[in-house]
Amino acid sequence: MTAKIAIIGGTGVYDPNILSDISEEKIDTPFGGVRVKTGRYKGKKVAFMARHGEDHSVPPHLVNYRANIYGLRMLGVKNILATAAVGSLNMGMGPGHFVFMDQFLDFTKSRHQTFVENGVVHLDMTEPYCPRLRGVLRDAADKQGLRHHTAGTYVCAEGPRFETPAEIRMFRQLGGDLVGMTSVPEVVLAREAEICYATIAMVTNFGAGISRTRLYHQEVVDIMAENAQNLRGLVMETIEGLDLDAPCQCQEPAQDPGAVK
Ligand code: HPA
């Protein structure tokens, strides 16, 4: 089956329960196999992939981001909505808020960041997160009456441990609003694959040291569960409002015509 839109479900989002006629397939890519569910919502074909596996067994630094994005591209996907649980560094972005971030700072250490293994590609990253998809998310969140922010800078930490308070202070000083462990290289690979990509970041906690209590993964999971209904409503409204075939700058050839071959 083909689909023009995919949801990549992060922590707390493992189940494409808004879809009907669901079937599952395994796609073999040059980077490994991936499992994708496909189904329908309001007549649109939608793919769903659980980033950490359906049993949350794959930690952020071991996710096979290249296989995931390559597999979605093989399915014909042109638009990706990714969900992400995030910590907040910004007192105005509290637990339960949605953020449609527009920038990232990359503090990952051990991840493949490109599909290109022969030759050199310097990919433009002026607008890593698709402004068109972010606009549809904003309209959908307005309609649903959800607390949301239309921009923000996401710091991608390597994990899987949470950050130290000193790291959180540094990230704040550098201009970060949110911290998570998965958006890089996912967004970078989507850009390289010429797929429109936006993240629905959901704040689950304040970063270490801002929050005075210790941080447990269960807290993140609990807040995601409390907000699951809001997230589902937002995703449904967004899919409904999205023109799956709209032309977009993200889908123009990513490679610099003057790139070194
Ligand atoms: N740090 C990193 N990743 C996260 C956090 C955090 O505080 N909360 C949810 N994901």
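The values are calculated or read from the model by the stated rules, or taken from the named source; none is laboratory data. Here the structure is a predicted model, which is why all the values come from computation and not from measurement. Here the Cβ positions follow ideal geometry from the backbone for every residue, glycine too, while neighbour counts run over all protein chains shown. For accessibility, only protein heavy atoms count, side chains too; no ligands or nucleic acids. Shrake-Rupley method; radii C 1.70, N 1.55, O 1.52, S 1.80 Å.
Okay, here's what the table says:
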item	result
Cut-off 11 Å, label 7 Å out along Cα→Cβ of residue 143, residues of region 232-251 by amide N	234-243
Full-extension gain in nm, residue 26 to residue 246, via 0.36 nm per residue minus C-alpha separation	76.4 nm
Mean separation of Cα contacts under 8 Å (6+ apart) over length of region 67-159, as relative contact order %	45
Two-site label geometry, residue 57 and residue 35: point separation in nm, points 7 Å out along Cα→Cβ	0.8
Solution diffusion estimate, µm²/s, Stokes-Einstein, region 5-247, Kirkwood Rh from C-alpha pairs, 20 °C, viscosity 1.002 mPa s	119
Environment charge at residue 108 (Cβ cut-off 11 Å; Lys +1, Arg +1, Asp -1, Glu -1)	-1
Peptide ranges 40-47, 187-194, 115-122 listed from the most packed, as the mean C-beta count within 10 angstrom indicates	187-194, 40-47, 115-122
Added length on full extension, which subtracts the Cα-Cα distance from 0.36 nm per residue, residue 166 to residue 114	15.7 nm
Ranked by how many other beta carbons lie within 10 Å on average, peptides 12-25, 143-156 from highest	143-156, 12-25
Accessible surface of the chain [probe 1.4 Å, protein heavy atoms]: carbon and sulfur percent	50
Lysines whose Cα lies under 20 Å from that of residue 4, excluding same-chain neighbours fewer than 8 positions away	26, 37, 42, 44, 45, 78
Structure-based [θ]222 nm, the chain - -39500 (n - 2.57) summed over DSSP H runs of at least 4, per residue, nearest 500	-8000 deg cm²/dmol
Accessible surface, per residue, of the chain when the full set of protein chains is kept, probe 1.4 Å, Å²	46
Set of lysines near residue 109 by C-alpha distance (under 17 Å), chain-local residues within fewer than 8 positions excluded	none
Most to least packed among 235-245, 216-226 [average Cβ atoms within 10 Å]	235-245, 216-226
Inter-probe distance in nm under a simple model that places probes 7 Å from Cα toward Cβ, at residue 218 and residue 15	2.0
